[in-house]
Amino acid sequence: MTPGPDRRAALEQYRRRAAVYDLELALFEPLRREAVARLALQPGETVVDFGCGTGLSLPLLRAAVGATGHVVGIEQSPDMLAQARRRVARHGWRNVQLIGAPVESAHWSGRADAALFHFTHDLLQRPEAVAGALAHLKRGARIVATGLRWAPRWAAAVNVAVYVAARRSITTLDGLDRPWHLLERHLGPMQVESRLLGAVYLAAGTLS
Ligand SMILES: C[S@@+](CC[C@H](N)C(=O)[O-])C[C@H]1O[C@@H](n2cnc3c(N)ncnc32)[C@H](O)[C@@H]1O
């Protein structure tokens with residue numbers, strides 16, 4: 001673990017994990033459905049999945065915006081993105097676009113109505129990545145972020161599990177007490193809820 005996010009370590013982490021990632025995330029799938037529902041997507045809208053990984057959220061996002069909407073996934077790990085590309089090809093989606101780049105340097109000229117940051121702790125701890133992501137959104141865009149967080153003191157034992165999961169999925173423990181804090185710099189106070197005994201958060205806000 002490093003004091004800040006470490007891209008090289010993250011790429012290596014996800015190179016090793018890509019093939020088994022979908023199985024490992026099974027426990028968190030109800031939260032994914034909840035996060036996508038909280039985006040309140042409408043048919044025809046555009047949504048960006050920042051740090052889309054293997055594309056596990058793409059079916060839900062695509063279903064919510066429909067054939068007339070647009071889904072964009074941005075992902076820095078070539079190994080994770082390859083899985084996402086296979087998923088898109090398998091479904092034959094024409095309105096799902098995948099961009100292989102760190103969010104902070106990704107080129108996409110559109111503006112989205114909504115954005116998802118599902119378990120993207122490293123990304124959310126980089127000020128330039130958060131600013132770069134929000135630059136792709138329309139004013140009034142809905143934003144939902146989820147992920148691991150330190151549980152409160154009354155559930156301190158849960159933090160053993162948070163630490164074990166963090167070692168496998170993120171490169172810095174920085175910000176784990178309030179992982180959405182950089183988003184709040186831009187959005188103002190977010191609505192934050194806890195799940196799984198406080199080990200996981202769901203934060204929602206609007207870009208004003
Ligand atoms: C735990 S995975 C989550 C993947 C996906 N969001 C999901 O819900 O399954 C975190 C992902 O964020 C990606 N990531 C981290 N920092 C990033 C950045 N700055 N730009 C783009 N992707 C990033 C990682 O490569 C990894 O695929």
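The values are calculated or read from the model by the stated rules, or taken from the named source; none is laboratory data. Quick caveat: nothing in here was measured; it's all calculated off a predicted structure. Methodologically, a virtual Cβ is constructed for each residue, glycine included, from the backbone with ideal geometry; neighbour enumeration extends over all protein chains shown. To get the accessible areas, we keep the full protein, side chains included, count just its heavy atoms, and leave off ligands, DNA and RNA. Shrake-Rupley method; radii C 1.70, N 1.55, O 1.52, S 1.80 Å.
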Exercise for the section: Output the relative contact order of the chain, whole-number percent, from Cα pairs under 8 angstrom with separation of 6+ residues. Expected result: 22
Fill in the blank from the handout: In terms of the charge dipole of the chain, which places +1 on Lys and Arg and -1 on Asp and Glu at the beta carbon, the residue among Leu25, Ala135, Val160 farthest towards the positive end is Leu25
Completion exercise
Rounded to one decimal in Å, the inverse mean reciprocal Cα-Cα distance for segment 134-176, i.e. its Kirkwood radius, is 12.6
Practice task
In Å³ and rounded to a whole number, note down the convex hull volume per residue for the Cα atoms of segment 151-197.
Solution key: 91
Completion exercise
Counting only protein heavy atoms with a 1.4 Å probe and every protein chain in place, the carbon and sulfur fraction of the accessible surface of segment 68-208 in whole percent equals 53
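How large is the helix-only mean residue ellipticity at 222 nm for the chain, computed as the sum of -39500 (n - 2.57) over DSSP H runs with n ≥ 4, divided by its residue count, in deg cm²/dmol to the nearest 500?
Details: 9 runs with 78 residues, N = 208.
Per the formula, -10500 deg cm²/dmol.
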Problem - Histogram of C-alpha separations across segment 7-206, 10 Å bin width, % - result: 9, 38, 39, 13, 1
Practice task
Write down the accessible area per residue of segment 3-71 in Å², having rolled a 1.4 Å probe over the full set of protein chains.
Solution key: 46
Problem - Charged-residue dipole, Cβ positions (Lys, Arg, Asp, Glu), the chain about Cα centre, Debye nearest 20 - result: 300
Handout entry: Order of exposure, largest accessible area first, which applies to Asp49, Asp113 with probe 1.4 Å
Key = Asp113, Asp49
